[in-house]
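Here's the structure, in structure tokens; my notes come after.
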């Protein structure tokens, strides 16, 4: 189970806990409290799912890459023979880099080849994620 799935499961468990422990003793006098609690748990779950989705690795748009600061991202590029990388996925290699390397990529390959020969990820992707996102 991934961390994301675990957090969602815990929130589901919290909602179930409210249904099992609070609901049976709800009377017409405190129905609004129970209803508000369930609504609040559901709202938190929705907000957490949105935040977790934003943290999932995604291929950055070229505009994002151009505006990138000094933070690190993961660069995936065509694998060159003899070069050692941390992760290799088929014909492409993945390495953690910062802005000077991105500027170098833009000079070496050009913006026109973004998504064809090189691309940047917002976070470290799994091999499955790299394979799922097609190259141009």
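The values are calculated or read from the model by the stated rules, or taken from the named source; none is laboratory data. All values derive from a computational prediction rather than experimental measurement. Every residue, glycine among them, receives a Cβ derived from its backbone with ideal geometry; neighbour counts consider all protein chains shown.
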Subject >> Residues being in contact (Cβ under 8 Å) with a residue 12 or more places away in the chain, assigned to a helix (DSSP H, G or I), over 13 Å from residue 63 (Cα atoms) and out of contact with any strand residue (DSSP E or B) (no Cβ under 7 Å at 6 or more places or on another chain) - total across the range 94-111 >> reply: 1
**OP:** Tell me which residues, restricted to the range 14-45, are loosely packed, with under 11 Cβ neighbours inside 10 Å and within 27 Å of the chain's Cα centre (by Cα).
**Re:** 39, 43
**OP:** Counting only residues that are modelled with pLDDT under 85, give me the helices (runs of 4 or more DSSP H) lying completely in the range 1-87 with at least 2 of them.
**Re:** 3-17, 31-55
Original post:
Got a number for residues in the range 116-134 being part of a loop (DSSP other than H, G, I, E, B), touching a residue at least 40 places away in the same chain (Cβ under 8 Å) and surrounded by fewer than 16 Cβ atoms within 10 Å (Cβ to Cβ)?
Top reply: 4
